[in-house]
Amino acid sequence: QVHLVESGGGLVQAGGSLRLSCAASGPTFSRGAMAWFRQVPGKEREFVAGISEWDGSTYYADSVLGRFTTSRDNAKNMVYLKLNSLKPEDTAVYYCAAAPIISRSQADFRSWGQGTQVTVSS
């Protein structure tokens, strides 16, 4: 099982940028798909972005397409999420997660980090 730790969250003004990092440990990291989800209190956790394990292909929620970019460095066991043109509605706790296959469903993800808070002020 992969152990995940997110960092990089914080408070930013609307229109600003942040880069979230997810440090992974465990023998199977390079062989799994990774994804970012986010959650606000009282709402379901929602898919944000994902990246495949082999060719690095990425996929995004419509709400962040063109603004967020995810990448991974298997040699460093790291996954990143660059958040640009942030909006107040992007405020949430952001989680990284690992799964054996590419998926947008949180049910497919077996390992989760503790989350990092992103707050966007208007």
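Before moving on, here are some points about what is shown:
- A straight line joining the Cα centroids of the range 84-122 and the range 1-55 runs 5 Å.
- Gain on full stretching of the segment that runs from Leu65 to Met78 - 0.36 nm per residue minus C-alpha separation: 2.5 nm
- Summed over all non-identical Cα pairs, the Kirkwood treatment of the range 57-122 gives a radius of 13.3 Å.
- Inter-label distance, nm, simple model (7 Å from Cα along the C-beta direction), Thr119/Ser25: 2.9
- Computed from point charges on the beta carbon alone (+1 for Lys and Arg, -1 for Asp and Glu), the dipole magnitude for the range 69-122 about its Cα centre is near 140 Debye.
- Taking the Cα centre of the chain as reference, the dipole from Cβ charges on Lys and Arg (+1) and Asp and Glu (-1) amounts to some 140 debye.
- For the range 1-98, with +1 on Lys and Arg beta carbons and -1 on Asp and Glu, the positive-most of Tyr59, Tyr95, Ala23 along the dipole: Ala23
- Of the solvent-accessible surface of the chain, computed with a 1.4 Å probe over protein heavy atoms with every protein chain present, carbon and sulfur atoms account for 50 percent.
- Table column - 3J(HN,Hα) (Hz), the range 44-51, Karplus curve with 6.51, -1.76, 1.60, x for Gly and Pro: 5, 5, 10, 5, 10, 7, x, 9
- Whole-number percent relative contact order across the chain, with pairs defined as alpha carbons under 8 Å at least 6 apart: 36
- Here the Gaussian network model covers the chain, with springs between Cα atoms less than 10 Å apart; of Leu20, Leu83, Leu11, Leu11 fluctuates the most.
The values are calculated or read from the model by the stated rules, or taken from the named source; none is laboratory data. The structure displayed is predicted, hence computed values, not measured ones. Don't worry about glycine lacking a Cβ; one is built from the backbone with ideal geometry, like all the others, and counts go over all protein chains shown. With ligands, DNA and RNA removed, areas are computed over all heavy atoms of the protein, side chains included. Shrake-Rupley method; radii C 1.70, N 1.55, O 1.52, S 1.80 Å.
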